[in-house]
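Right, one structure below, let's go through it.
None of the figures in this text is laboratory data; all of them are computed from the coordinates on show. Since we're looking at a predicted model, the values are computed, not measured. Neighbour counts run over all protein chains shown; Cβ positions are idealised from the backbone, glycine included.
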Amino acid sequence: MSNAKRIVVTGAGVISPVGNTVEDAWQGLLEGRNGIAPITRFDTTDARCHLAGQVRDFNIEDFLDAKAASRLDPYCHFAIGAAEQALKQADLGEETPPERIGVLVSSGIGGITTTCQQNSIMESKGMGRVSPLCVPMLISNMASGYLAIRHNLRGPNFALVSACATGLHSLGEASWVIRRGDADVMLAGGTETGVVPLGIAGFGSMRALSANPDPETASRPFDKNRDGFVPAEGAAVLVLESEEHARQRGATILGELAGYGATCDAYHITAPRPDGSGAAAAIAMALRHAELNPQDIGYVNAHGTSTPMNDSVETTALKLAFGEYARQLAISSVKALTGHMLGAAGAFESIACLQALRTGVLPPTAHYQTPDPECDLDYVPNIPREAKVDCALNLSMGFGGHNAAVVFRKY
């Protein structure tokens with residue numbers, strides 16, 4: 001990269017609809033384990049979408065006592081679970097001063113559960129009955145703030161919001177914190193708990209969600225019959241370090257974050273720029289920073305939301321960024337099995353990229369049945385594929401025109 005410092009990954013953790021560890025979630029993706037099912041937490045009779053990728057078998061009291069847990073929104077609960085795994089794997093020890101370890105764990109929506117609950121209390125019982133913890137529970141930076149408090153991490157600490165690009169932007173921006181010398185280690189990723197009535201109603205009203213009642217076909221990225229995304233929740237957190245710092249302490253390196261690009265379509269509040277130029281520019285920027293050519297990329301983990309517009313525009317963007325080589329690329333979207341984890345998606349899918357590089361197996365695009373003439377690339381349909389890949393690219397696109405691309409390199 002143009003900046004001399006190389007950034008490596010030394011820890012990873014996930015809480016997701018397909019598994020609550022990296023190993024279990026990865027196996028779920030390869031086995032075709034569908035994390036999408038009917039919503040069980042609330043009545044969806046009047047909703048457009050009745051399905052979601054819900055986290056199962058997660059208990060925050062495995063990490064916090066009930067009183068402490070009640071003071072945090074569920075989006076923070078997921079972040080805690082994923083961060084514990086990542087930090088345990090990284091095994092930082094005590095030689096790194098806490099002032100040299102920062103946190104950038106973000107959420108696209110933040111504490112929407114708290115927002116809805118406390119607004120209901122205010123409407124029914126009056127302003128005086130709103131919890132004094134309402135604001136610290138709902139703000140989107142509290143995952144980063146609480147993780148720092150919990151683990152005594154005193155370096156740069158913030159959160160960012162860029163809708164569905166949030167998780168990937170967080171990894172990319174965290175890498176720059178290290179490159180510019182402000183930290184040696186960053187805990188970075190995304191977390192989301194948007195499967196709440198207001199979230200389902202809002203996305204449903206704008207016709208962004210699938211109306212398909214069948215969990216096996218509702219989320220089918222790049223398929224001709226796709227009709228919208230399936231909402232999901234979860235968290236993914238990575239430990240990023242400078243290569244020098246990781247090697248000095250003898251850490252096991254899982255892969256390298258080699259390049260990062262961020263652009264804006266500057267076109268529409270929800271729709272991507274039709275010519276794909278914004279996303280293509282983010283890819284080009286990530287490749288430039290990684291000092292790689294398009295032909296060096298062997299796998300792309302696509303944003304692949306299963307909405308008609310996203311998947312066709314993303315296909316156009318990949319053709320624009322990679323030229324004729326796009327037809328040789330293996331591309332897949334794991335959202336077919338997880339649903340769309342919103343602000344956590346980019347971080348979760350980055351772990352999928354790292355796992356593909358480490359294992360030599362590419363996760364498939366599940367539920368793919370009918371080819372779409374507008375989506376005519378290789379989407380690794382339905383079955384995992386063995387492939388020795390040295391570099392992978394992860395792409396995210398968010399409402400507001402936000403684009404993020406990150407290149408991972410096998411270490």
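The tail of the calculated P(r) for the stretch 254-318 beyond 14 Å holds 61 percent of all Cα-Cα pairs. Shown for the chain are the DSSP H helices of 18 Å or more along their axis, judged by Cα atoms, with a mean Kyte-Doolittle hydropathy of at least 0.0: 74-90, 166-179, 277-290, 308-322, 345-359. Would you mind counting up the charge near ASP390? Only other residues with Cβ under 13 Å from its Cβ, with Lys and Arg at +1 and Asp and Glu at -1. Result for the local shell: +2.
Relative to the Cα centre, what is the charge dipole magnitude of the stretch 7-409, using +1 at the beta carbon of each Lys and Arg, -1 at the beta carbon of each Asp and Glu, and rounding to the nearest 20 debye? Write out the running numbers ahead of the final one.
Working: 29 positive and 43 negative charges, 114 e Å.
Taking the Cα centre of the stretch 7-409 as origin, the dipole is about 540 debye.
Each listed q (0.09, 0.13, 0.14 Å⁻¹) maps to a log10 I(q)/I(0) for the chain from the Debye sum over equal C-alpha point scatterers, namely -0.48, -1.03, -1.20. Computed from point charges on the beta carbon alone (+1 for Lys and Arg, -1 for Asp and Glu), the dipole magnitude for the stretch 230-306 about its Cα centre is near 60 Debye. Between the alpha-carbon centres of the stretch 99-154 and the stretch 69-91 there is a gap of 14 Å. Reachable lysines from LYS5, Cα under 20 Å, same-chain residues fewer than 8 places away excluded? Answer for LYS5, where 20 Å is the Cα cut-off: LYS410, listed by chain and number. From the square roots a ≥ b ≥ c of the eigenvalues of the alpha-carbon gyration tensor of the stretch 289-401, which class results: rounded (a/c under 1.5), prolate (a/b over b/c), or oblate? Here the stretch 289-401 falls in the rounded category.
Can you tell which of HIS245, ASN225, HIS268 lies farthest toward the positive end of the dipole of the stretch 224-280, using +1 and -1 charges on the Cβ of basic and acidic side chains (Lys, Arg; Asp, Glu)? Among HIS245, ASN225, HIS268, the one farthest towards the positive end of the dipole of the stretch 224-280 is ASN225. Principal axis extents of the Cα atoms in the stretch 30-73, from largest to smallest and rounded to whole angstrom, are 35, 34, 12.
PRO197 sits among other residues whose Cβ lies under 15 Å from its own Cβ, and their net charge, with Lys and Arg +1 and Asp and Glu -1, is -2. From helices alone, the chain scores -10000 deg cm²/dmol at 222 nm; the rule is -39500 (n - 2.57) for each run of n ≥ 4 DSSP H residues, then divide by the residue total.
Bin by bin, in steps of 5 Å, what percent of the Cα pairs in the stretch 241-360 do you find, going until the bin that has the longest distance? So the P(r) values, bin by bin, are 2, 10, 17, 22, 23, 14, 7, 4, 2, 0.
Given the options GLY126, ALA236, ALA86, identify the residue whose Cα lies farthest towards the positive end of the charge dipole of the stretch 7-409 (+1 on Cβ of Lys, Arg; -1 on Cβ of Asp, Glu). Checking the options against the dipole of the stretch 7-409, the answer is GLY126. Taking amide hydrogens as placed 1.01 Å from N in the peptide plane, the amide H of VAL105 sits under 5 Å from those of SER144, PHE158, GLY189, each at least 5 positions away in sequence or on another chain. Of the Cα atoms belonging to the stretch 15-149, the radius of gyration and Dmax stand at 17.5, 55 Å.
Could you pull out which residues in the stretch 29-50 have an amide N less than 16 Å from a spot 7 Å beyond the Cα of SER124, following the Cα-Cβ vector? Of the residues in the stretch 29-50, 42-43 have backbone N under 16 Å from the label point off SER124.
Give me Rg over Rh for the stretch 140-195, both radii from the alpha carbons and Rh done the Kirkwood way, two decimal places. Display every interim value, and only then the final one.
Working: Rg = 11.4 Å, Rh = 11.8 Å.
Reported Rg/Rh (Cα atoms, Kirkwood Rh): 0.97.
Between the alpha-carbon centres of the stretch 333-349 and the stretch 366-400 there is a gap of 13 Å. Candidates GLY13, VAL185, GLN27 compared by Cα position along the dipole of the chain: farthest toward the positive end lies VAL185, with charges placed on Cβ.
Taking the alpha-carbon centroid of each part, what is the distance from the stretch 242-315 to the stretch 1-57 in angstrom? Going from one Cα centre to the other spans 19 Å. The calculated FRET efficiency for GLU95 paired with ALA387, based on their beta-carbon distance and R0 = 56 Å, is about 0.90.
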